[in-house]
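Presented below is the structure to which this report refers.
The values are calculated or read from the model by the stated rules, or taken from the named source; none is laboratory data. Computed from a prediction, not measured in an experiment: that's the story for all the values here. Note that we place each Cβ from the backbone using ideal geometry, even for glycine, and neighbour counts take in every protein chain shown. Remember, those area values only see protein heavy atoms, side chains included, never the ligands or the DNA or RNA. Shrake-Rupley method; radii C 1.70, N 1.55, O 1.52, S 1.80 Å.
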Amino acid sequence: MLNQLASVTPALFKSTDNHLLAQSLSAIGYACSPSAYLSLCFAVAVSSIIPLIFLTAALQLPVVFSLIAPVIFVFLLYFPIIEKDKLEKSMDVELPLLAYLARCDLLHSTPEKVVRSMHVGSFSRQRGDINQLLHNGLPLNLLDKAIRAPVKFKHTLRLVTSGDESGLKKLCRDLLEEQRNDAKRYAAKANIAGMFFISIAAVLPAFFSAIVLLGNLMGFSFTSFQVAFAFIVLFPFLDFAFLYYLGVASPVA
Amino acid sequence: MHFLLLPLILLSIPALLLAYREFVREKRNSEIEKTLPDVLLSISSLPHTVSFSEVLSKATSLNKPASILFNNCQALILRGAPVEIAISKSFSRYTPLVEKTGALLYSLHRNGNSLLPIFKELSIELTLHREAREAVKADASVQKYSLLISCAFLVPFIIALIYSVSQGASAIFALSPVLSPNLIALCINIYLVAFSFLAAKFLAKQFSSHFSTFFSITCPLSLLVFNFSSLLIAQ
């Protein structure tokens, strides 16, 4: 939906030339310019201010909560970059096998045939691009420069086009070693994440229910709308935010 | 909310059966991946003169968990399926590593048995890949089961414990609550459904599995644990 909206949003920020944003939008398949996407983020953030003001009034909270709008803007702005990182991560997992299979194919096939047939799960788009570029008459040795893909994939492609079997085998081993190191790094993070998760998902709602029930004793009082909002919108939103972070931070299984 | 207990207990039985099925499926996939290098090593020792069907027969005769892949493939070919489709159908339902072995097996069929020695190297390479993936998978499995246990048991139990204790304390201090405890219990039940939904979505995406499997495990169990625990603690 964000993609469809972005493709019809007029570009308000004409001078935007953000290379990283442009790369990320293209990598995740968003057919819009960085300036159009920036305009969409701005429009969504601004249009969220009025409902936020009504919501804070209904919840009897200070109006300062309507300042959540900039948070929405920043999240939307970074969304394509986060999604691109996630995509590259899933590609990295499959790259060692892709390199190894390409090496096996090189033993009985020409580099061009291998390049045309190399595909593993996440690389189906790159395979289509490769076939298109070769069909348009691009020389094999320029393929890695012309294709839009992560650097590691380009390196693999360079080794395949030059028929470097031993280079592919070495790359495969190096990438596997990298995966092992990533797993070790994540193991340390996972313990802390587990603790945070229990506190967000269980302790926060549990103590909130206690405060609501014993509110008179502590001098608090809540309306039924506030309680319903907290349990039905706020806490699930916090869970969603944490699970989204976990999805970005954890290695692809 | 205690009228929910009986239907929740009834719903939890298929949920537990689904959880068991998921566990068995994962264990079988892991065994196939583990024994695949041994099968490939045996194939690689065959002479170059053997036919493709003899390669499949050799792999089938080893009676290892991974042999089932070759057995299925052989059965499909005997029933008249083209080799490419037979390999794709037999090898694609499992893990990516198994799928890629299928791709290489098809290369063997296309290019002749001169490729047989590659399988020895592939066997070593698969072991290395499996070791690297095991390191990642070990963390992912811990994350998966801790999330499932948190969602189905821990989170509803902690909430039920604190909610029931607070409800008891409210009665002891003779506080007149502004909001009915039933309304809060209803909100918590809705929260648990939303939480189960989010956790199931996350697990399904992260482990390329079915959302409905995880949701049907976590949702009834979390509601059952919350309602049953709060009833038990209140008494």
With the condition kept exactly as written, say whether any residue in the range A:209-228 is in contact with an Asp or Glu (Cβ under 6 Å, 6 or more places away or on another chain), within 11 Å of chain B (Cβ to nearest Cβ) and free of Cβ contacts under 8 Å to residues at least 60 places away in the same chain.
no
In the range A:149-172, what residues are part of a helix (DSSP H, G or I), in contact (Cβ under 8 Å) with a residue 40 or more places away in the chain and either loosely packed, with under 15 Cβ neighbours inside 10 Å or not polar (S, T, N, Q) (or both)?
A:Lys152, A:Phe153, A:Leu157, A:Leu159, A:Val160, A:Glu165, A:Leu168, A:Lys169, A:Leu171, A:Cys172
Quick check on my filter: what residues within the range B:182-197 are over 21 Å from B:Ser170 (Cβ atoms), open to solvent by less than 10 Å² (accessible area, probe 1.4 Å) and at the interface with chain A (Cβ under 7 Å from one of its Cβ atoms)?
B:Phe195
Kindly list the number of the only condition in (1) more than 9 Å from chain B (Cβ to nearest Cβ); (2) part of a helix (DSSP H, G or I); (3) loosely packed, with under 14 Cβ neighbours inside 10 Å that fails for A:Glu177.
(1)
If A:Phe242 satisfies every condition in (1) part of a helix (DSSP H, G or I); (2) more than 9 Å from chain B (Cβ to nearest Cβ); (3) more than 25 Å from B:Ala152 (Cβ to Cβ); (4) of a type outside the set (D, E, K, R) but one, which is the exception?
(3)
In the range A:116-139, is there at least one residue being more than 21 Å from A:Gly29 (Cα to Cα), modelled with pLDDT of 80 or more and crowded, with 17+ Cβ neighbours inside 10 Å?
no
Pairing a residue in the range B:130-157 that is under 22 Å from B:Leu223 (Cα atoms) and within 7 Å of chain A (Cβ to nearest Cβ) with any residue that is open to solvent by less than 70 Å² (accessible area, probe 1.4 Å) and of a type in the set (Ser, Thr, Tyr), where Cβ atoms lie under 8 Å and the two sit 6 or more apart in sequence or on different chains, gives B:Gln143/A:Ser250; B:Val155/B:Ser222
Could you count how many residues in the range B:198-218 are open to solvent by less than 40 Å² (accessible area, probe 1.4 Å) and more than 14 Å from every other protein chain (Cβ to nearest Cβ)?
3
Out of B:Leu148, B:Leu128, which single residue is within 27 Å of B:Val98 (Cβ to Cβ) and under 19 Å from the mean Cα position of the chain (by Cα)?
B:Leu148
Matching residues in the range B:44-92 - criterion: being open to solvent by less than 50 Å² (accessible area, probe 1.4 Å), touching a Gly at 6+ places or on another chain (Cβ under 8 Å) and of a type in the set (Ser, Thr, Tyr):
B:Ser90
What is the one condition in (1) within 9 Å of chain A (Cβ to nearest Cβ); (2) in contact (Cβ under 8 Å) with a residue 60 or more places away in the chain; (3) aliphatic (A, V, I, L, M); (4) crowded, with 18+ Cβ neighbours inside 10 Å that B:Leu221 does not satisfy?
(1)
Subset of the range A:202-218 [of a type in the set (A, V, I, L, M) and either open to solvent by less than 30 Å² (accessible area, probe 1.4 Å) or closer than 14 Å to B:Ser164 by Cβ (or both)]:
A:Ala202, A:Ala206, A:Ala210, A:Val212, A:Leu213, A:Leu214
Test: B:Leu179 is open to solvent by 10 Å² or more (accessible area, probe 1.4 Å), free of Cβ contacts under 8 Å to residues at least 60 places away in the same chain and either in contact with a Lys or Arg (Cβ under 8 Å, 6 or more places away or on another chain) or part of a helix (DSSP H, G or I) (or both):
no
Could you go through the range B:113-121 and let me know if any residue there is within 29 Å of the chain's Cα centre (by Cα), more than 8 Å from chain A (Cβ to nearest Cβ) and part of a helix (DSSP H, G or I).
yes
Give the range A:102-115 a look and list any residue that's open to solvent by 10 Å² or more (accessible area, probe 1.4 Å) and under 20 Å from B:Lys120 (Cβ atoms), or say none.
A:Arg103, A:Asp105, A:Leu106, A:Leu107, A:His108, A:Ser109
Restricting to the range B:48-99, name every residue that is within 24 Å of the chain's Cα centre (by Cα) and in contact (Cβ under 8 Å) with a residue 40 or more places away in the chain.
B:Tyr94, B:Thr95, B:Leu97, B:Val98
Search result, residues across the range A:71-101 that are more than 16 Å from A:Val248 (Cα to Cα) and open to solvent by 70 Å² or more (accessible area, probe 1.4 Å)
A:Val71, A:Val74
